[in-house]
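Novice: Pasting a structure here, questions to come.
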Amino acid sequence: MSTFDCRAFMASVRQAAGEQKTAPLDWRELRHLLRLEGTAFVMHAYRIVLKREADPTGLHSYAQRARHFPGRLSILLSLLLSPEQIALPAWLRRSLSAIRRFKKG
């Protein structure tokens, strides 16, 4: 099993983010979003990330997981990596994919 070097990862994200003119998500909006729970979190996450309302299937499947912080992070990661999400810069998509691979491994 490989180890995840958090410091190196964050350094690469900061470097890549410094090369961007705008952030994909405003940090204040993200902080507010992560404080929400359950259905409120899911509905707001869909609006922010996918720019649409949550479909009934997505709302139902994610609502239970959104009660706890790790579940909310997992849902947000899933939405950000969704094929429907095309606004993410390539560097951020690669970074999030690396986190997902590490989490599964």
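Derivation of every value follows stated rules applied to the coordinates shown; laboratory data play no part. Because the structure is a prediction, the values reported are computed rather than measured. Because the Cβ atoms are built from the backbone with ideal geometry, glycine has one as well, and the counts that use them run over all protein chains shown.
Novice: Between a first residue in segment 51-72 that is in a helix (DSSP H, G or I) and a second residue that is polar (S, T, N, Q) and surrounded by 11 or more Cβ atoms within 10 Å (Cβ to Cβ), which pairs have beta carbons less than 7 Å apart while being 6 or more apart in sequence or on different chains?
Specialist: Hits for this filter: Leu59/Thr39; Ala63/Thr39; Arg65/Ser74.
Novice: If Ala66 satisfies all but one of (1) surrounded by fewer than 16 Cβ atoms within 10 Å (Cβ to Cβ); (2) of a type in the set (Gly, Ala, Ser); (3) in contact with a helix residue (DSSP H, G or I) (Cβ under 8 Å, 6 or more places away or on another chain), what's the number of the condition it fails?
Specialist: (1)
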